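Novice: Here's a structure for you.
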Amino acid sequence: MSDFASFDFEQMTPADCYRLTVSTVVPRPIGWVVTQSEAGVVNVAPFSFFNGMGENPVILCLGLLPHHAGGGGFKHTAANIRATGEFVVNLVPYRLVEKMNITTADAPADVSEMELAKLTPVPSDKVRPPRIGESPVGFECKLMHALDTGPDQTLVVGRVVQLHIAREYLEGNPARPRVRTDALDLIGRMHGSGYYARTTDLFELSRPKSYADLKATLDP
């Protein structure tokens, strides 16, 4: 067994706690989130505190941190979701990493990162914010809960109301297609300020079908 170092998060600075957390909770999928302000400005920003967290209904969760670079307050994404209750989560393939990186910039609230990164807005079906036309996957979401988890820090729980997948990544029966997940070539966030991973290094592992099957393989 390894020799462990222990860290008391209740006694440490938030910055040190965050640094250790994002260096170990990896890889993290990236939600490329599109929102729209009440004034109609389209905001685009990537978040790696993101994942799917429910089946019925299907929900997506976002962890939105304070707007440190802007002197505090909610980030534009959080403010827009709170105000309108709608957002679109797009996924990021490797071919779009440079455009995604542009949308990390601390742009003013009246500047659209969609235009800044020269992305194509495509009208959504059930929510006001558009989706990113270049992204192979887009989830239209409506806000279920916005939970304050710290000063200007929000956990957003969104219900998926519509899903868009580029047809080139679907195969089989059109009524119940399979997704060619490997072909999506999505990226995830790793440690440090600029490290990412691609979903191209895969291995397959069969899960036990039942406890009885597991016991049969473990018992001599």
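Novice: Output yes when any residue across the stretch 86-104 is modelled with pLDDT of 95 or more and under 15 Å from residue 147 (Cα atoms), and no when none is.
Specialist: Checked the stretch 86-104: no residue is modelled with pLDDT of 95 or more and under 15 Å from residue 147 (Cα atoms).
Novice: Residue pairs, Cβ under 8 Å, 6 or more apart or interchain, first in the stretch 87-111 and farther than 22 Å from residue 123 by Cα, second of a type in the set (D, E, K, R) and buried (at least 20 other Cβ atoms within 10 Å of the Cβ). List them.
Specialist: Between residues of the stretch 87-111 that are farther than 22 Å from residue 123 by Cα and residues that are of a type in the set (D, E, K, R) and buried (at least 20 other Cβ atoms within 10 Å of the Cβ), the close pairs are 105/113; 107/113.
Novice: In the stretch 167-191, which residue that is part of a loop (DSSP other than H, G, I, E, B) and of a type outside the set (D, E, K, R) is surrounded by the fewest Cβ atoms within 10 Å (Cβ to Cβ)?
Specialist: Of all residues in the stretch 167-191, those part of a loop (DSSP other than H, G, I, E, B) come to 172-177, 180, 185, 190-191.
Applying the additional criterion that residues be of a type outside the set (D, E, K, R) yields 172-175, 177, 190-191.
Details: 172: 10, 173: 8, 174: 8, 175: 5, 177: 13, 190: 15, 191: 15.
The extreme case among them is 175.
Novice: Another one. In the stretch 192-217, what count of residues is obtained for those that are on the phi < 0 side of the Ramachandran plot, of a type outside the set (D, E, K, R) and surrounded by 10 or more Cβ atoms within 10 Å (Cβ to Cβ)?
Specialist: First, the residues of the stretch 192-217 that are on the phi < 0 side of the Ramachandran plot: 193-217.
The next check asks that each one be of a type outside the set (D, E, K, R); those that pass are 193-197, 199-200, 202-203, 205-206, 208, 210-212, 214, 216-217.
Add one more test, that the residue is surrounded by 10 or more Cβ atoms within 10 Å (Cβ to Cβ), and what stays is 195-197, 199-200, 208, 214, 216.
The total comes to 8.
Novice: Suppose the filter is surrounded by 13 or more Cβ atoms within 10 Å (Cβ to Cβ), aromatic (Phe, Trp, Tyr) and without any contact (Cβ under 8 Å) to a residue 24 or more places away in the chain; does residue 9 pass it?
Specialist: On the way: surrounded by 13 or more Cβ atoms within 10 Å (Cβ to Cβ): no; aromatic (Phe, Trp, Tyr): yes; without any contact (Cβ under 8 Å) to a residue 24 or more places away in the chain: yes.
Taking the combined requirement at face value, the residue does not satisfy it.
Novice: Looking at 84, 103, can you tell me which residue is among the β-branched types (Val, Ile, Thr), over 17 Å from the mean Cα position of the chain (by Cα) and surrounded by 15 or more Cβ atoms within 10 Å (Cβ to Cβ)?
Specialist: Numbers: 103 fails: over 17 Å from the mean Cα position of the chain (by Cα).
Among 84, 103, only 84 is among the β-branched types (Val, Ile, Thr), over 17 Å from the mean Cα position of the chain (by Cα) and surrounded by 15 or more Cβ atoms within 10 Å (Cβ to Cβ).
Novice: Could you list, in sequence order, the residues of the stretch 147-205 that are farther than 25 Å from residue 34 by Cβ and touching a residue at least 12 places away in the same chain (Cβ under 8 Å)? Lay out the reasoning, then the answer.
Specialist: Keep residues of the stretch 147-205 that are farther than 25 Å from residue 34 by Cβ, which gives 151, 171-176, 178, 182, 191-192, 200-205.
Matches in the stretch 147-205: 151, 182, 191, 192, 200, 202.
Novice: How many of the residues making up the stretch 123-164 are at pLDDT below 95 and either assigned to a loop (DSSP other than H, G, I, E, B) or touching a His at 6+ places or on another chain (Cβ under 7 Å) (or both)?
Specialist: Adding up the residues that qualify gives 2.
The values are calculated or read from the model by the stated rules, or taken from the named source; none is laboratory data. Note that the coordinates shown come from a computational prediction; the quantities given were computed from them, not determined experimentally. In this analysis, Cβ positions are derived from the backbone assuming ideal geometry, glycine residues included, and neighbour counts consider all displayed protein chains.
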